[in-house]
Amino acid sequence: MKIDIPKIPLALTEKRFHDVFYEEDPILENCIITGAEFSDESVERVQLYRSVLKNCTFINTNFSKMDILDVRFENCDLSNVNLHKSSIHRAEFINCKLLGSNFSESSIGNVKFENSILNMSIFGDSKLEKVVYQDDSLQNADFYECKFKKVEFNNCHLNEASFEGTSLKGVDISSSSFDALTISVEELKGCIVSTSQAILFSTLLGLIIKD
């Protein structure tokens with residue numbers, strides 16, 4: 001699936017992330033931020049546009065209602081970050097740590113998570129359209145009652161992820177690995193799976209497979 005990549009200018013201004021505290025409206029745009037340490041902070045409604053963030057740490061930070069557009073995160077640690085009710089579009093998270101991050105009730109579109117750790121992350125009640133998870137770890141991730149449209153899980157670790165209340169119709173998980181998922185038979189209808197996964201899911205139907 002082809003998704004729209006971030007539209008980031010070639011010429012970016014170096015800025016500090018802490019600059020958001022000194023503006024009436026917390027806006028950062030057309031900038032590159034490297035090595036920021038912004039942990040255990042709280043700043044809502046941050047607007048981040050057309051920028052690159054590299055090697056930054058935002059652990060345990062409240063970024064609820066954040067607006068992210070045309071942004072690339074590289075090698076950043078956003079563990080336990082609160083992005084509740086955020087808007088995230090044309091963004092990339094490359095080699096990032098998002099352990100326990102909260103994306104609930106958010107709008108997420110044209111976003112790529114690549115080679116990132118999203119174990120125990122929360123996406124409940126979010127709308128995801130044209131989202132690619134590539135080579136990610138999503139163990140115990142929660143996708144409760146999400147709306148999926150053109151979502152891919154490519155070569156991901158999905159063990160014990162929960163899709164309760166979320167339809168996987170048209171979603172391809174055949175290249176991903178797991179021993180167990182929280183999902184109902186109804187929600188599995190139309191999901192694209194591998195042969196071995198189909199055998200595993202057959203237990204949900206109470207089938208006994210005999211060679």
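I need the full set of residues from the range 101-126 which are assigned to a strand (DSSP E or B) and open to solvent by less than 10 Å² (accessible area, probe 1.4 Å), in order please.
Step one: filter the range 101-126 for residues assigned to a strand (DSSP E or B), giving 102, 107-114, 117, 122.
The answer is Ile108, Gly109, Val111, Phe113.
Return the residue satisfying two criteria in turn: it lies in the range 127-157 and is under 14 Å from Phe113 (Cα atoms) and more than 12 Å from the chain's Cα centre (by Cα), and of such residues it is least open to solvent (accessible area, probe 1.4 Å).
Our first condition is that a residue be under 14 Å from Phe113 (Cα atoms); within the range 127-157, this holds for 128-138, 141, 151-157.
Filter again for more than 12 Å from the chain's Cα centre (by Cα), leaving 135, 154-157.
Numbers: Asp135: 61, Asn154: 38, Asn155: 88, Cys156: 1, His157: 96 Å².
Per the criteria, the residue is Cys156.
Looking only at residues in the range 79-88 that are over 10 Å from the mean Cα position of the chain (by Cα) and in a strand (DSSP E or B), which one is farthest from Ser162 (Cα to Cα)?
First pass over the range 79-88, keeping only residues over 10 Å from the mean Cα position of the chain (by Cα): 79-87.
Applying the additional criterion that residues be in a strand (DSSP E or B) yields 82, 87.
On the way: Asn82: 19, Ser87: 22 Å.
Here the residue is Ser87.
Taking the range 9-58 as the region of interest, how many residues are surrounded by 14 or more Cβ atoms within 10 Å (Cβ to Cβ), of a type in the set (Val, Ile, Thr) and more than 12 Å from Phe73 (Cα to Cα)?
Selection size over the range 9-58: 4.
Does the range 92-104 contain any residue that is within 26 Å of Thr13 (Cβ to Cβ), more than 14 Å from the chain's Cα centre (by Cα) and of a type in the set (Val, Ile, Thr)?
We begin by selecting, within the range 92-104, every residue within 26 Å of Thr13 (Cβ to Cβ); these are 92-96.
If we keep only those that are more than 14 Å from the chain's Cα centre (by Cα) as well, we get none.
No - not one qualifying residue is present in the range 92-104.
Has the range 132-143 got at least one residue that is in contact (Cβ under 8 Å) with a residue 40 or more places away in the chain and of a type in the set (A, V, I, L, M, F, W, C)? Steps first, answer last, please.
Going residue by residue through the range 132-143, those that are in contact (Cβ under 8 Å) with a residue 40 or more places away in the chain are 132.
With of a type in the set (A, V, I, L, M, F, W, C) added as a condition, the list becomes 132.
Within the range 132-143, one or more residues are in contact (Cβ under 8 Å) with a residue 40 or more places away in the chain and of a type in the set (A, V, I, L, M, F, W, C).
Given the criteria β-branched (Val, Ile, Thr), open to solvent by less than 10 Å² (accessible area, probe 1.4 Å) and touching a Leu at 6+ places or on another chain (Cβ under 6 Å), does Ile88 qualify? Spell out how you get there, then give the answer.
Numbers: β-branched (Val, Ile, Thr): yes; open to solvent by less than 10 Å² (accessible area, probe 1.4 Å): yes; touching a Leu at 6+ places or on another chain (Cβ under 6 Å): no.
When the stated conditions are applied, Ile88 does not pass them.
Can you pull out the residues in the range 168-197 that are crowded, with 19+ Cβ neighbours inside 10 Å and among the hydroxyl-bearing types (Ser, Thr, Tyr)?
Ser176, the sole residue that qualifies.
Count, please, the residues in the range 89-100 that happen to be closer than 21 Å to Thr34 by Cβ and either outside any strand (DSSP E or B) or free of Cβ contacts under 8 Å to residues at least 60 places away in the same chain (or both).
So the count comes out to 6.
Quick check: anything in the range 71-78 within 21 Å of Asp25 (Cβ to Cβ) and not in a loop (DSSP other than H, G, I, E, B)?
Step one: list which residues in the range 71-78 are within 21 Å of Asp25 (Cβ to Cβ), which gives 71.
Cutting the leftovers down to not in a loop (DSSP other than H, G, I, E, B) gives us 71.
Yes, the range 71-78 contains a residue that is within 21 Å of Asp25 (Cβ to Cβ) and not in a loop (DSSP other than H, G, I, E, B).
The values are calculated or read from the model by the stated rules, or taken from the named source; none is laboratory data. Please read these numbers as outputs of a predicted model, since none were measured by experiment. All Cβ positions, even for glycine, are placed from backbone atoms using ideal geometry, and neighbour counts span all protein chains on display. Quick note on the areas: whole protein, heavy atoms, side chains included, nothing else; ligands and nucleic acids left out. Shrake-Rupley method; radii C 1.70, N 1.55, O 1.52, S 1.80 Å.
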